[in-house]
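Have a look at the structure below before the remarks.
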C-alpha cells in the first residue's frame, strides 16, 4: 500500500525538498506526496512541488472569516487527496483542533529546538540568547497544545560561543532534513507506536 502524504508549507520548503528527494531516490519507499498546501501564494515550496509534478494548492486566508473556516477548506483538500499522513514543513499557522483530531497521530511537525525547551517562534535565537551549550531539533506528533505532542526523534548539535541565530539555524537545518526523512520512513514502514506521551520505534 502506498502512503499518501500531504505537506503544509508557508516558506522555502527545505524539509519538503528533503522528503521529496528521499522518496525519489528510494530511501523512502511505498510513499507518495499527493499535495502541497500553502497559505502563502509566493511560497518557494509551491515552486518545488511544481518542479516535481506534485499538486500545489494555495488557500488564501483572506478568503475566510476565521481560522476555523480556513481549516475546514484545508481539511476538505486533505480528504479529497485521501491523505494518510500530514507533514508540517515551515507552516506558520496554528492548526484547529478538529483537524488534529481528524488526523490523530498522523500529523508530524519538526521544531528547531530540543523540546520542551524553546517552544514557539525564533527557537534558535532563544537558544543563543539563553546561552545553552547544546540544542537541536525535535520531530513530534501534533497535538492541540503548541509544540507539545509526543516526541518521535531528536537530533543534538553544539552551540558555539560565536554562534548567531543565523549560523545556528544553518547548521541545524542539516539535522532537521535528516531527522524528517528518517521519521517519515519510520511512519511509512509502520514502525511508530504511540502510547500516551511515549513513541516507541519498533525493531525489525
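The values are calculated or read from the model by the stated rules, or taken from the named source; none is laboratory data. On a predicted model such as this, the values are computed, not experimentally measured, just so you know. Here the Cβ positions follow ideal geometry from the backbone for every residue, glycine too, while neighbour counts run over all protein chains shown.
Against the criterion of being farther than 12 Å from residue 88 by Cβ, in contact (Cβ under 8 Å) with a residue 60 or more places away in the chain, surrounded by 14 or more Cβ atoms within 10 Å (Cβ to Cβ) and more than 13 Å from the chain's Cα centre (by Cα), residue 34 does not qualify.
The single condition among (1) crowded, with 21+ Cβ neighbours inside 10 Å; (2) within 30 Å of residue 2 (Cα to Cα); (3) outside the structural domain of residue 30 (by TED's automatic domain parsing) that residue 87 does not meet is (3).
Kindly provide the set of residues from segment 50-79 that are in contact (Cβ under 8 Å) with a residue 40 or more places away in the chain and either under 28 Å from residue 25 (Cβ atoms) or outside the structural domain of residue 94 (by TED's automatic domain parsing) (or both), ordered by number. Scanning segment 50-79 gives 77, 78.
The criterion of at least 3 residues that are over 18 Å from the mean Cα position of the chain (by Cα) and outside the structural domain of residue 48 (by TED's automatic domain parsing) is met by the following helices (runs of 4 or more DSSP H) wholly inside segment 90-204: 123-130, 165-188. Within segment 20-36, being more than 11 Å from residue 54 (Cβ to Cβ), in contact with a helix residue (DSSP H, G or I) (Cβ under 9 Å, 6 or more places away or on another chain) and not in a strand (DSSP E or B) holds for 21, 22, 27, 28, 29, 30.
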